[in-house]
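Novice: Please find one structure pasted underneath; my questions will follow.
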Ligand SMILES: *Cc1c(COP(=O)(O)O)cnc(C)c1O
């Protein structure tokens, strides 16, 4: 259901004097605007083969959009339960793929509880989680297969982390392709740093609250599998401010003519704001995870 996406040379460090090859994996160019269709498309296909005939999502963001798209492609009826805070534009987009939208609850966890109750009432239906499902990680891992097929072997991967579904997929892909020791930099914003909390404490902890503009990174706790990966793979946790992530998205639009969410901007911050930590690497892969909720603020000061 997903497309093979381009791998393009970054122009970010062009005049920095650093002799680095940075490649962008352009998952912003997926049919729904983000990488999410890889994992969610794969999971939906598998559940459909197992006889499930209704998909239920509880995400008003890119995961809900991916589920609606997968449902439309597979001709499976799809319902997306979204909290009252969901923007009208997002609801409109989800509906445009033929999914039914139900507005319920004041936040994601209330919407999710309602979605779960619907799944429990109908055994032919299945809840499509935004990040916590091995089928989703398997689907996301195709990103690394495509990079290897393109003839590149990265010595560093930079990726944004919300609940960790994308990160789990990247790690799975690296291990499958003999890149077990290729380090991964996991990027978040200050208000969404649930991975950082686990990495720095060594415990599977939960944030009290999510704050800031990077809503697609807004999981208060990373998946159990993400936590388990911390002790099994070389990873660094990097955290940037909202302002930096916005600036990185803006620079990306300016330089590469593609609008991405600030959730994606968090990864783009590394070469812009911490180029010195790239000194030991020469073949750097940044996952441009994309996202449709692009705030107009990213377009300001474009010149
Ligand atoms: C979902 C999403 C993320 C985070 O992915 P997880 O699998 O939750 O870690 C990052 N960026 C964008 C644009 C997303 O839609």
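Novice: 7 Å from Cα along Cα→Cβ at both residue 277 and residue 84: what's the point-to-point distance in nm?
Specialist: That separation, rounded to one decimal, is 3.9 nm.
Novice: Moving on to the next point. Taking a virtual spin label 7 Å from the Cα of residue 11 along the C-beta vector, which residues in the range 227-256 bring their backbone nitrogen under 20 Å of it?
Specialist: 246-256
Novice: Note the full-extension length gain between residue 21 and residue 152 as 0.36 nm times their separation in residues minus their Cα-Cα distance, in nm to one decimal.
Specialist: Between residue 21 and residue 152, full extension yields 46.1 nm more.
Novice: What nm value, rounded to one decimal, do you get for the distance between residue 49 and residue 257 when each label is placed 7 Å out toward the C-beta?
Specialist: 3.9 nm
Novice: How much length would be gained if the chain were fully extended between residue 75 and residue 110, taking 0.36 nm per residue of separation minus their Cα-Cα distance, in nm to one decimal?
Specialist: Value of the extension gain: 9.8 nm.
Novice: Follow-up. Using the Cα atoms as the points, what is the convex hull volume per residue of the chain in Å³?
Specialist: 122 Å³
Novice: With the crude spin-label approximation of a point 7 Å out along Cα→Cβ, what separation in nm comes out for residue 232 versus residue 102?
Specialist: Using points 7 Å along Cα→Cβ, the separation is 3.5 nm.
Novice: Here's a follow-up. Taking neighbour counts of Cβ atoms within 10 Å as a proxy for exposure, in what order, fewest first, do 269, 182 appear?
Specialist: Result, fewest neighbours first: 182, 269.
Novice: Right, something else. Taking only DSSP H segments of four or more residues, each worth -39500 (n - 2.57), what value at 222 nm results for the chain once the sum is divided by all its residues, to the nearest 500 deg cm²/dmol?
Specialist: Calculated at 222 nm, the ellipticity per residue is -11500 deg cm²/dmol.
Novice: While we're on this one: Any chance you could list the semi-axes, whole Å, largest first, of the equivalent ellipsoid that the Cα gyration tensor gives for the range 28-93, using √(5λ)?
Specialist: 19, 14, 9
Novice: What per residue convex hull volume, in Å³, comes out for the range 184-253 when only alpha-carbon positions are used?
Specialist: Value for the range 184-253: 87 Å³ per residue.
Coordinate-derived values only; no laboratory data. Please read these numbers as outputs of a predicted model, since none were measured by experiment. All Cβ positions, even for glycine, are placed from backbone atoms using ideal geometry, and neighbour counts span all protein chains on display.
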